[in-house]
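Have a look at the structure below, then the notes.
Just so it is clear, none of the values below were taken in a lab; they were calculated from the coordinates. Bear in mind the structure is a predicted one, so any value in this text is a computation, not a measurement. Methodologically, a virtual Cβ is constructed for each residue, glycine included, from the backbone with ideal geometry; neighbour enumeration extends over all protein chains shown.
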Amino acid sequence: MIPWRSASFGGMQGLDLPSRKARTRKLAIESAALPPRLLMPLRRYGGGRAEIRVQIGQQIRGGEVIAVDAVDVPLHAPTSGRVRAFAETPEPCLEIEVDGDDLMLEPSPLAGGLDAPPEAIRACLRAAGLVGLGGAGFPTATKLAAARGVDCLIINAAECEPYLTADERLLAERSPEVLAGVRALAQATGARRVVVAVEDDKPEAITALQTAADDDIELHLLPRIYPSGSERQLAALVTGREVPSGQLPLAIGVLCQSVATAWAAGRAVFAGEPVTRRIVTVAGAAIDRPGNLEVRLGTPVGELLRERGLDPSALAELRLGGPLTGRIVRDHAAPIGATTAAVLALAGAEAVGSEPEQPCIRCGACAEVCPAWLQPQLLHQLIRAGDAEGAGAAHLGDCIECAACVWVCPSRIPLLDDYRAGKHELARRDAARREAERARLRHERRQARMEREREAAAAARKARLARVNAAVARARSRTSES
């Protein structure tokens, strides 16, 4: 387990962690070898599954659309090959047998570039399949559309988790491409202030940014405190404005995007490239040759581990993503997805998720480091007791899932798992309430319709009776006259 101590800056509290970045931060980005097969993840943002648009056995080229999700964001083939199969494990995937020719469709840059209207830039990014590469994978075009007219666009270059250096190398080596994408994102939103926020311990990246940036882009140096890269904390550190409880940075006129997303946006707009690759940090003590690799999406993690010299006997824990927020995987066929920033092959004391849970000792360390100023111990108790509503009232929704509480817990309680379970239960109950409300409204509308139909039928009967009575009266009148 990496040692820690609490830290605070500008009203923010969190963790001061050893960076563990020395093995990779000076290593130039390399291209990972093409694997013999790709497993393209079909599960998209929100848990939905993309609809497959190709046939088994079909020959495809790189850049070709192979699936489209529920909000019309496409998934593109990263290289040429043959669609081999649909697989459910290790997750729903479309398997592509790589032919090694790496034939790509002709790129189609956006006509007009930065002179194109905002809606054209957003449409270009949607067609490129761009999702947030630094977080949950939310569709970028949708996020930009919701952020039209924001006051401030913040490019998140904090990369504050240990080991991770992919964004740092992107800035050090490709700052002009990143800033081109930053300007495209700013044009798509109309943001008047554009800020690149980077931790102050990245001198090479900072120098590259200063060289490439013009006066239209600010550089904001952040303290090396985890989680300064979380959206809510980042917005507060840059603007001095707090995001209200239960709301997003958009509520205070701020939009946050990651460095990787900006780079991919620039490639989409100016080079016509869809999202088929990303930069991934491969690190950990069980890896002989760590580095930052440009990897095709869908590459099985086992291929990267073999390429970089994994020592299987030393491997204690394999994570996709950072050591705090990443997920533990046990199947080496697990594919690299759009949001996979790192592959960490951790050994010995580096591993954090393999120790057995012990009872809470009420030490308060979790509350000491919580950047959202929550009471993690209380939330844990409420959720374990089945009181999701109580946890919601205790501001469970404000948890940013940074896992700082998990990191410092001496009892190794999986607090983040509890919070996610609590959020899921609250979402389920909210959905059930909404469905019950819709059912109530449907019932009331049906009752009202039936009442109207009864009233209409009664009115029709009354009108018919009136006509009959009138006819009878006329007949009697004629009879009496005769």
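Quick look at the values:
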{"quantity": "Dipole moment magnitude, nearest 20 debye, the chain about Cα centre, only Lys, Arg, Asp, Glu C-beta charged", "calculated": "3020 debye"}
{"quantity": "Residues of type lysines that K202 reaches as a straight line, Cα spacing below 30 Å, ignoring anything fewer than 8 places off in the same chain", "calculated": "K21, K26, K143"}
{"quantity": "DSSP beta bridge pairing in the chain, given as percent antiparallel to the nearest 5", "calculated": "65 percent"}
{"quantity": "Point-charge dipole on Cβ atoms (K/R +1, D/E -1) for the stretch 7-277, about Cα centre, debye to 20", "calculated": "380 debye"}
{"quantity": "Isolated Cys residues of the chain, judged by Cβ distance under 4.7 Å to other cysteines", "calculated": "C93, C124, C152, C160, C256, C360, C363, C370, C399, C402, C409"}
{"quantity": "Mean separation of Cα contacts under 8 Å, 6 or more apart, over the residue count of the chain: relative contact order %", "calculated": "16 percent"}
{"quantity": "Given charges at beta-carbon only (K, R positive; D, E negative), |dipole| of the stretch 359-482 in Debye", "calculated": "1680 debye"}
{"quantity": "Highest to lowest packing among 279-288, 324-333, scored as the average C-beta count within 10 Å", "calculated": "279-288, 324-333"}
{"quantity": "Per-residue ³J(HN,Hα) for the stretch 225-230, Karplus 6.51 cos²θ - 1.76 cosθ + 1.60, θ = phi - 60°, Hz, x for Gly and Pro", "calculated": "10, 8, x, 5, x, 5"}
{"quantity": "The stretch 124-185, relative contact order [Cα under 8 Å, separation at least 6], %", "calculated": "19 percent"}
{"quantity": "Amide proton proximity set for A285, modelled H, under 5 Å, gap of 5+", "calculated": "A347"}
{"quantity": "Amide proton proximity set for S228, modelled H, under 5 Å, gap of 5+", "calculated": "none"}
{"quantity": "Highest to lowest packing among 373-380, 432-439, scored as the average C-beta count within 10 Å", "calculated": "373-380, 432-439"}
{"quantity": "Residue-wise HN-Hα coupling along the stretch 69-83, computed from phi with Karplus coefficients 6.51, -1.76, 1.60 (Hz; x: Gly, Pro)", "calculated": "8, 5, 10, 6, 9, x, 10, 10, 5, x, 7, 8, x, 10, 5"}
{"quantity": "Sum of -39500 (n - 2.57) over DSSP H runs of 4+, divided by residues of the chain (222 nm, nearest 500)", "calculated": "-11500 deg cm²/dmol"}
{"quantity": "Beta bridge orientation in the stretch 193-321: antiparallel %, DSSP, nearest 5", "calculated": "60 percent"}
{"quantity": "Relative packing of 102-112, 407-417, which averages over residues the other C-beta atoms within 10 Å, highest first", "calculated": "407-417, 102-112"}
{"quantity": "Mean separation of Cα contacts under 8 Å (6+ apart) over length of the stretch 356-482, as relative contact order %", "calculated": "23 percent"}
{"quantity": "Amide H contacts of R277 (H built 1.01 Å from N, under 5 Å, at least 5 apart or other chain)", "calculated": "L297"}
